[in-house]
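What follows is a short report on a single structure.
Laboratory data are not the source of any read-out in this text; all were calculated from the coordinates shown. Please read all numbers here as calculations on a predicted model, not as lab measurements. Cβ placement follows ideal geometry from the backbone for every residue including glycine, while neighbour counts extend to all protein chains displayed.
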Amino acid sequence: MIRQIYFEFRKHFLKFPVCAAVILFLLLDAFQISGVYQEKSIFALIPKWQTRYENLYPLYGGPITEKKIRDLMAYYRPLKAEGNLHPGSEYEEALMLQTCFVIPLQYAYEYRQNAAQIAKRALENADFYQQMGNIYASRKNQQIAGMFSDRRISELCYTEMYQHYLQYDFSVFLVLLLVIYGLVNVFVLEKETEMELLLQTTIQGKRKSAAAKLLASVIFVTAISLLFWLADFLLFGCLFGSFDGGNCPIYAIEYFEASPLSMSLLFYTLLAMGLKTAGTLVFGMAVLLLSRLCKSTLFPFVGSILLIGSCLLAYDADLPSVCNPVSLLICRELFHWVDFIDLAGIPVLTWQFCLGTALLMLVIFSAAILMISGHSARKSSRGAGDV
Amino acid sequence: MKTEFQNVSKYYGRKCVLNQFTATLEHGVYGLLGPNGAGKTTLINIFIGILQKSSGSLLIDGQDVEKLGTEFLNHIGYLPQYPQFYKNFTVEDFMAYICGLKDIPKTIGRRRTEELLEMVNLTEHRRKKIGALSGGMRQRLGIAQAMLNRPDILILDEPTAGLDPQERIRFRNLISRFSADRIVLLATHIVPDVEFIANEVLLLKDGILLKQARPGVLTQSIADKVWELTLPDPQMTKQFDAMRISSMIHDADGVHLRMVCENCPDEKASPALPNLEDVFLYYCSEDKNDTTNLF
């Protein structure tokens, strides 16, 4: 089987056009990330702040202490009182302090209190709903209380890289294009080269060959996805000049203030990579199914574009997205708020439900491909050309 | 090994494309001859198990093929019509790939690949990409892959279509070589391919088996139906347009016609020795004038 997977992988993916497309898209991705850095990074916009920030970071960054806060405010308040805070003015130091230290420090310092408040309210709600007999709402609030009960941000880290990296989606679009390009031909090729008949007359040529194609495709999609997600991470880190902040909790970034997760940013990055890969795999298997069903490349190609396009549009139009794999591709939205799905009275976090749905879809698509592959030739109406 | 087709029929809706096909094949080359649309590929597709028959049965050494299941696939080697294979695979890779599909262990597969590539004269091209092979080389690779599992039955669907004469002869010789101790079913509408190597010919038209006999017997069956005639004026050929003309050669003496018909077409016509092409023409072509009823 491993030999078959190797040959299927070589046959369909280790081809010059596919490899060239991957390299081209990686360059395009790097170009786009460079654009993000130029447009959004504070230090790219005002380069002289970087040196100043690096000088001040040992004083105010790292573990948050009362002393550091007092020192920072003692330095910042007089500067602020002196005048305006516009860039280029002589009071720029105050603006830099405000942007890079005061606001993040205030957010971090107050987060513990805010989280505790949320946990307390949630517990009160849980008791209230318990008394009212609404078990689901009570369970939901208990879970929220558990999530927020012991949250704190104990370090002030440089998280700018993560802030922008976790909002970056362009590579998803590139990966989807590569998935369509790579997979659309997998089964169609056998029909176009008249090899399908030959395959069907060999012991391993039916379902096992299809299984090898399926697994080779899974490897391809996973490899391409991870390559791009990893490239994104490394490129962001290199351009922003730092991989710091990986140990901070995810809610150290304001966007994830109310996130249901409490893991570190680095772990969240790995989770996001996994979820995005799962989303890509669902689309990949759908493309593969279309390739299995059609006889020429054009139909699965157009079908795949339409399918993925409509999923993206549906997501953009705020239609219910728990069954839409795009929600996994843009997974940060799933972690922006605490959101539950009522599953027979049990509150299940939306991201877990989305992941479960995606895995179910993967199983269904794979089973459909294998079933069709086992039966298609016997049911095909005619041979190749002649009667 | 003995293969028996017993009243095998195939219908698409009400249309019958194979009608009560009954034949017995033992060792040797069997030429499945018929015009386009005769049902050759349908018969082959039923034989190799990728198309279900509407009725009838197919027996291998007295055992129903359907009961043999996938085990039957170990007995057959198949070369489809117009295969292109995979252009980015080398000859060696492709053979290794087929070994995997046929469940042949790696070491045995490697040895057989070497032997077969030697036999089909592709050893020096084994590292070439398939995309860089000529049509003839590709067909030789095709027969080599079909032989990998040492099949008892070798099925070749239009294997010489598109080959130049030299390659065609080479390929015919290969088929002959591989036919020892096995059944070779060679479907084609190229008559000389069958004429030179087939032990028996199965003549198929409109899904019906017209004849199954040795080439010599078939030619003998139309011994008094082939005529040659030389006409001094090319204009005179018009009166024979409706007849089955197997060849027409223009030269300084006029036009030399070779015709297949029941009765002498002209008083100047002389009888000629029939060949398999004449047989094909006699049984398979539509004749507008000849009222011979074949059935």
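Each peptide in B:31-43, B:9-21, A:308-320 gets a packing score, the mean of other Cβ atoms within 10 Å over its residues, and the list from highest to lowest is B:31-43, B:9-21, A:308-320.
Spin-label model, B:K67 to A:D316: label points 7 Å out along the Cα-to-beta-carbon direction sit 6.3 nm apart. Computed over neighbours whose Cβ is under 13 Å from that of A:Y75, the net charge equals +3, Lys and Arg +1, Asp and Glu -1. Relative contact order of the range A:62-156: 33 percent, from C-alpha pairs under 8 Å at least 6 residues apart in sequence.
What does the C-alpha gyration tensor say about the overall shape of the range B:62-173? Classify as rounded when a/c is under 1.5, otherwise prolate if a/b is larger than b/c, or oblate. In terms of gyration-tensor shape, oblate.
Reported value for the range A:243-295: 95 Å³ per residue, from the convex hull of its C-alpha atoms. Rounded to the nearest 10 degrees, the angle from helix B:91-101 to the longest Cα principal axis of chain B is 70 degrees. Taken about its Cα centre, the protein assembly as shown carries a charge dipole of about 1320 debye when Lys and Arg each add +1 at the Cβ and Asp and Glu each add -1 at the Cβ.
Pairs exceeding 27 Å between alpha-carbon atoms, taken from B:K53/B:K225; A:K15/A:K276; A:K213/B:K129; A:K276/B:K102; B:K15/B:K211; B:K2/B:K205: B:K53/B:K225; A:K276/B:K102. Extending 7 Å from the Cα toward the beta-carbon at both B:E267 and A:T297 defines two label points whose distance is 6.8 nm.
For chain A, the extents of the C-alpha atoms along the principal axes are 92, 58, 36 Å, listed from largest to smallest. Annotation for the range B:101-139 versus the range A:275-303: alpha-carbon center distance of 33 Å. Label the range A:210-321 by shape, choosing from rounded, prolate and oblate, from the square roots a ≥ b ≥ c of the eigenvalues of the Cα gyration tensor; if a/c is under 1.5 it is rounded, and otherwise prolate applies when a/b is larger than b/c, oblate when it is not. The shape class here is prolate.
For A:S262, project a label point 7 Å along Cα to C-beta. Then give me every residue of the range A:339-370 with its amide nitrogen under 19 Å of that point. The answer is A:339-340, A:347-352.
Taking every DSSP helix (H) stretch of at least 4 residues in chain A, weighting each as -39,500 (n - 2.57) and dividing the sum by the residue count yields a mean residue ellipticity at 222 nm of -23000 deg cm²/dmol.
With bins 10 Å wide beginning at 0, the percent of Cα pairs of the range A:1-130 falling in each bin runs 10, 22, 19, 15, 15, 16, 4, 0. Computed over chain A, relative contact order equals 19 percent, with contacts defined as Cα pairs under 8 Å that lie 6+ residues apart. The simple spin-label model puts a point 7 Å past each Cα toward its Cβ; for A:S34 and B:E115 those points are separated by 5.9 nm. For the range B:109-195, a simple Cβ point-charge model (Lys and Arg +1, Asp and Glu -1, everything else neutral) yields a dipole of about 500 debye relative to the Cα centre. Ordering A:A314, A:F240, A:I69 by the projection of their Cα atoms onto the charge dipole of chain A, which places +1 on the Cβ of Lys and Arg and -1 on the Cβ of Asp and Glu, puts A:A314 at the extreme positive end.
Rg/Rh for the protein assembly as shown (Cα atoms only, Rh after Kirkwood) is 1.20.
Across the range B:54-90, the residues whose backbone nitrogen lies under 16 Å from the label position 7 Å along the beta-carbon direction of B:I108 are B:71-77.
Eigenvalues of the alpha-carbon gyration tensor of the range B:3-213, scaled by 5 and square-rooted, set the equivalent ellipsoid semi-axes at 29, 19, 15 angstrom, largest first. When its C-alpha radius of gyration is set against 2.2 N^0.38 Å (N residues), the range A:304-378 gives a value of 1.35. Sorted from greatest to least, the principal axis extents spanned by the alpha carbons of the range A:62-156 come out as 62, 25, 16 Å.
Work out, in µm²/s and without decimals, the Stokes-Einstein translational diffusion coefficient of the range B:149-283 at 25 °C, 0.890 mPa s, Rh from Kirkwood over C-alpha pairs. In µm²/s, the coefficient rounds to 146. Candidate cross-link partners of B:K87 among the aspartates and glutamates, defined by an alpha-carbon separation under 14 Å and a same-chain spacing of 8 or more, comprise A:E8, A:E190, A:E192, A:E194.
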